[in-house]
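Report on the structure given below.
The values are calculated or read from the model by the stated rules, or taken from the named source; none is laboratory data. Computed from a predicted structure; not experimentally measured. So basically every Cβ, Gly included, is an ideal-geometry build from the backbone, and we count neighbours across all protein chains shown. We work out accessible area using only protein heavy atoms, side chains counted, and drop any ligands, DNA or RNA first. Shrake-Rupley method; radii C 1.70, N 1.55, O 1.52, S 1.80 Å.
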Amino acid sequence: MRQLLGRTTLELEEIARSHGLPAYRGRQIARWLYRRGSALEAMTDLPAATRTALAGEFESGLCAVAHREVAADGTTKYLVRAADGELVECVHLPYADRVSVCLSSQVGCAAGCTFCATALGGFSRNLTAGEIAGQLVAMQADRPDRRVSHAVYMGMGEPLLNYDNVLASVRLLTEEIGLSARGVTLSTVGVVPGILRLAGEAIPLTLALSLHAPDDALRERLVPTARKWKLDQILAACGEYHARTGRNLTFEYLLLAGVNDSPEQARALADRIQGLPGNVNLIPFNHVATPAGFRRPAPERVRAFREALVGAGRPTTQRMERGHAVSAACGQLRRAVLPRIAPRATPGSR
Ligand code: SAH
């Protein structure tokens, strides 16, 4: 059945008109869906006959919370269920001054990064725009006390390999839910055509590049897509993104003990990204049992890497690590929990 969530206010107005209703009914539906996460049955200011007529044609398309784990620091990791029963991972991160959510763009991932839990499970399918925005809507409805202000596309999947749905979901976040584009970060492994296309959209999103190595040879060992898109091309595309949007970049750098964590590599990294404004965000490896057997570097190793970067003039942050107790790295929760709560065989009523 067709779904309401995922459609813009304009499209919902069109649906209202096609049912002989005034356009403002479409705006009411949009508010219920995106601001309150309410299903069609609960849209009490719509006439009952209208709800019944719409229900014959549409389902709400809301994601149901299938599982949640709360860490001591307040981070909550969710599995939400899409209409076809697929389980999607997302995270709610309350801070003192803002609430951020981490969203998945695909079920599984085809990029195959050698340190990543999502990669181990392979690729299932793309998420629709409604299913991506629906993760935020589901978490907001579950935690109504504080408004979600920020979103990062750092859950399962490679957003730029699901470009159209991801872009449509960004528009839902900014235009329907009311987030500022500057509060939305899209993280990519370095899909050059996607970065260039995004640069042309003129939306002031923050672009985060998962760099993880200062040179192509090492990067290819960690990130298989590096064979296709070389650092020179990727960094040129990032330069283009900055030039077109005026936005600083974020360079994510995963630290793996004895692999990419030496001070020399930090200096090489600083050289490599010279001229591109933005912070490096260091992410010490969250343990995942992968065939490569990676380990997390000791804290003093992380500190030395950071100091080398700062010494070379590059602003550097370390990812605030939250939710360790709830398997907060990409794809970990779904892997851990899936065997316990298998997806339902038939799609639900929502
Ligand atoms: N595909 C996108 C977004 C998803 S992952 C990307 O590659 O950017 C979000 C970030 O988490 C990426 O920087 C990714 O490299 C990192 N990550 C994946 N597995 C990790 C792990 N086990 N420990 C720490 N960071 C990890």
Could you count how many residues in the range 256-315 are touching a Lys or Arg at 6+ places or on another chain (Cβ under 6 Å), within 16 Å of the ligand (Cβ to nearest atom) and assigned to a helix (DSSP H, G or I)?
0
What's the total number of residues in the range 95-126 that are modelled with pLDDT of 95 or more and within 14 Å of Ala151 (Cβ to Cβ)?
8
For the range 235-255, how many residues are open to solvent by 10 Å² or more (accessible area, probe 1.4 Å) and either closer than 10 Å to Pro214 by Cβ or within 16 Å of the ligand (Cβ to nearest atom) (or both)?
3
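For the range 127-153, which positions are among the acidic types (Asp, Glu), farther than 23 Å from Ala96 by Cα and in a loop (DSSP other than H, G, I, E, B)? Spell out the reasoning first.
Taking the range 127-153 first, the residues among the acidic types (Asp, Glu) are 131, 142, 145.
From the residues that got through so far, the ones that are farther than 23 Å from Ala96 by Cα too are 131.
If the condition is that a residue be among the acidic types (Asp, Glu), farther than 23 Å from Ala96 by Cα and in a loop (DSSP other than H, G, I, E, B), then no residue fits.
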Contact list, first residue from the range 80-109 and among the acidic types (Asp, Glu), second anywhere and open to solvent by 30 Å² or more (accessible area, probe 1.4 Å) and part of a loop (DSSP other than H, G, I, E, B), beta-carbon distance below 6 Å, six or more apart or interchain, is Asp84/Pro347
Tell me, please, whether a residue that is open to solvent by less than 30 Å² (accessible area, probe 1.4 Å), over 21 Å from Ala312 (Cα atoms) and of a type in the set (S, T, N, Q) can be found in the range 217-234.
yes
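Regarding Arg334, is this residue modelled with pLDDT of 95 or more and either farther than 24 Å from Leu222 by Cα or buried (at least 16 other Cβ atoms within 10 Å of the Cβ) (or both)?
On the way: modelled with pLDDT of 95 or more: no; either farther than 24 Å from Leu222 by Cα or buried (at least 16 other Cβ atoms within 10 Å of the Cβ) (or both): yes.
Criteria not met by Arg334.
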Could you go through the range 65-83 and let me know if any residue there is touching a Lys or Arg at 6+ places or on another chain (Cβ under 6 Å), open to solvent by 40 Å² or more (accessible area, probe 1.4 Å) and at negative phi.
yes
Residue pairs, Cβ under 7 Å, 6 or more apart or interchain, first in the range 277-289 and over 12 Å from His212 (Cβ atoms), second near the ligand (Cβ under 7 Å from one of its atoms) and of a type in the set (Phe, Trp, Tyr). List them.
Val288/Phe115
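Scanning the range 160-177 for residues that are open to solvent by 30 Å² or more (accessible area, probe 1.4 Å) and away from the ligand (no atom under 14 Å from the Cβ), which turns out farthest from Val107 (Cα to Cα)? It would help to see each step written out before you state the result.
Initially, the range 160-177 is screened for residues open to solvent by 30 Å² or more (accessible area, probe 1.4 Å), giving 161, 164-165, 168, 171, 174-175.
Those still in the list that are away from the ligand (no atom under 14 Å from the Cβ) too: 164-165, 168, 171, 174-175.
On the way: Asp164: 16, Asn165: 13, Ala168: 17, Arg171: 21, Thr174: 23, Glu175: 25 Å.
So, considering only residues that are open to solvent by 30 Å² or more (accessible area, probe 1.4 Å) and away from the ligand (no atom under 14 Å from the Cβ), the one farthest from Val107 (Cα to Cα) is Glu175.
Quick one: which strands (runs of 3 or more DSSP E) sit completely within the range 1-102 and have at least 1 residues that are aromatic (Phe, Trp, Tyr)? Reasoning before the result, please.
Numbers: elements: 64-70, 76-81, 87-94, 99-102.
Counting at least 1 such residues, we get 76-81.
Going by what's in this entry, would Arg51 be described as surrounded by fewer than 19 Cβ atoms within 10 Å (Cβ to Cβ) and either in contact (Cβ under 8 Å) with a residue 24 or more places away in the chain or away from the ligand (no atom under 16 Å from the Cβ) (or both)?
Working: surrounded by fewer than 19 Cβ atoms within 10 Å (Cβ to Cβ): yes; either in contact (Cβ under 8 Å) with a residue 24 or more places away in the chain or away from the ligand (no atom under 16 Å from the Cβ) (or both): yes.
The answer is yes for Arg51.
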Go through the range 178-223 and give me each residue that's in contact (Cβ under 8 Å) with a residue 40 or more places away in the chain, within 16 Å of the ligand (Cβ to nearest atom) and not hydrophobic (A, V, I, L, M, F, W, C).
Thr185, Ser187, Gly190, Thr206, Ser210, His212, Pro214, Arg221
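Output the residue which, of all residues in the range 108-159 that are closer than 25 Å to Lys228 by Cβ and β-branched (Val, Ile, Thr), is surrounded by the most Cβ atoms within 10 Å (Cβ to Cβ).
Narrowing the range 108-159 to residues closer than 25 Å to Lys228 by Cβ: 108-127, 132, 152-159.
Retained after the next criterion (residues that are β-branched (Val, Ile, Thr)): 114, 118, 132, 152.
Numbers: Thr114: 17, Thr118: 28, Ile132: 31, Val152: 19.
Taking the candidates together, the pick is Ile132.
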Mind listing whichever residues of the range 113-138 are within 16 Å of the ligand (Cβ to nearest atom) and small (Gly, Ala, Ser)?
Ala117, Ala119, Gly121, Gly122, Ser124
Are any residues in the range 90-144 out of contact with any Phe, Trp or Tyr (no Cβ under 9 Å at 6 or more places or on another chain) and of a type in the set (Ser, Thr, Tyr), and if so, which ones?
Tyr95, Ser100, Thr118, Ser124, Thr128
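Among residues belonging to the range 9-37 that are in contact (Cβ under 8 Å) with a residue 40 or more places away in the chain and hydroxyl-bearing (Ser, Thr, Tyr), point out the one that is most open to solvent (accessible area, probe 1.4 Å). Explain how you work it out, then say what you get.
Within the range 9-37, the subset in contact (Cβ under 8 Å) with a residue 40 or more places away in the chain is 9, 15, 30, 33-37.
Right, trim to hydroxyl-bearing (Ser, Thr, Tyr) and you get 9, 34.
Numbers: Thr9: 35, Tyr34: 9 Å².
Selected residue: Thr9.
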Within the range 85-107, identify whether any single residue is away from the ligand (no atom under 16 Å from the Cβ), touching a Lys or Arg at 6+ places or on another chain (Cβ under 8 Å) and open to solvent by 30 Å² or more (accessible area, probe 1.4 Å), and answer yes or no.
yes
